[in-house]
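Undergrad: Okay, handing you the structure first.
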Amino acid sequence: MLSYSIRHVGAVSVFQCLGNLTLHEEAEFSEKVTDFIFSDHPNLVVDLSGAKSIDVHGIGQLLMAVSQARKIGAVMKLCGLHKLLQDFANDSQRGFGPPLEFYPDPETAIKSFV
């Protein structure tokens, strides 16, 4: 099961994922993030520190969400993702656009918007 919490810090929204980002939850994650980006929240930090499990399907949804955000001029930054998964995500995304932006925690990601 995957749940979310959202908080706003100035012009940045922090979307925290809690639970599993796997095959069974990937569609829900994609829908929530996409809806959020399209509802006039162009600066988004996705905090994955509360995610208990992330599989290849979850990584795929992260990549799709970042791609969709870029298409509409939004900025989506990721934090709280294990280094091994960061490397896997960047390797999977290589050739499809600029590298993904990873930060150790939401505060650091929020500061990077300034």
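The values are calculated or read from the model by the stated rules, or taken from the named source; none is laboratory data. Being a predicted model, the structure only gives us computed values, none of them experimental. Don't worry about glycine lacking a Cβ; one is built from the backbone with ideal geometry, like all the others, and counts go over all protein chains shown.
Undergrad: Which one of these is within 18 Å of Tyr4 (Cα to Cα) and not charged (D, E, K, R): Gly19, Gly60, Gly73?
TA: Gly19
Undergrad: Next question, about the same structure. When the residues of segment 75-110 are filtered to those that are among the aliphatic types (A, V, I, L, M) and more than 23 Å from His41 (Cβ to Cβ), which remaining residue is modelled with the highest pLDDT?
TA: Leu85
Undergrad: Can you name every residue in segment 49-68 that is within 17 Å of Pro99 (Cβ to Cβ) and under 10 Å from the mean Cα position of the chain (by Cα)?
TA: Answer for segment 49-68, where residues must be within 17 Å of Pro99 (Cβ to Cβ) and under 10 Å from the mean Cα position of the chain (by Cα): Ile59, Leu62, Leu63, Met64, Ala65, Val66.
Undergrad: Does segment 7-23 contain any residue that is modelled with pLDDT of 85 or more, farther than 22 Å from His82 by Cβ, among the hydrophobic types (A, V, I, L, M, F, W, C) and in a strand (DSSP E or B)?
TA: Among the residues of segment 7-23, at least one is modelled with pLDDT of 85 or more, farther than 22 Å from His82 by Cβ, among the hydrophobic types (A, V, I, L, M, F, W, C) and in a strand (DSSP E or B), which makes the answer yes.
Undergrad: If we only count helices (runs of 4 or more DSSP H) wholly inside segment 30-114, which ones have 2 or more residues that are surrounded by 12 or more Cβ atoms within 10 Å (Cβ to Cβ) and among the polar types (S, T, N, Q)?
TA: Passing ranges, in order: 56-71, 83-93.
Undergrad: Of all residues in segment 1-14 being in contact with a Lys or Arg (Cβ under 8 Å, 6 or more places away or on another chain) and without any contact (Cβ under 8 Å) to a residue 40 or more places away in the chain, which is surrounded by the fewest Cβ atoms within 10 Å (Cβ to Cβ)?
TA: Within segment 1-14, the subset in contact with a Lys or Arg (Cβ under 8 Å, 6 or more places away or on another chain) is 4, 13-14.
Retained after the next criterion (residues that are without any contact (Cβ under 8 Å) to a residue 40 or more places away in the chain): 4, 13.
Numbers: Tyr4: 17, Ser13: 20.
The residue in question is Tyr4.
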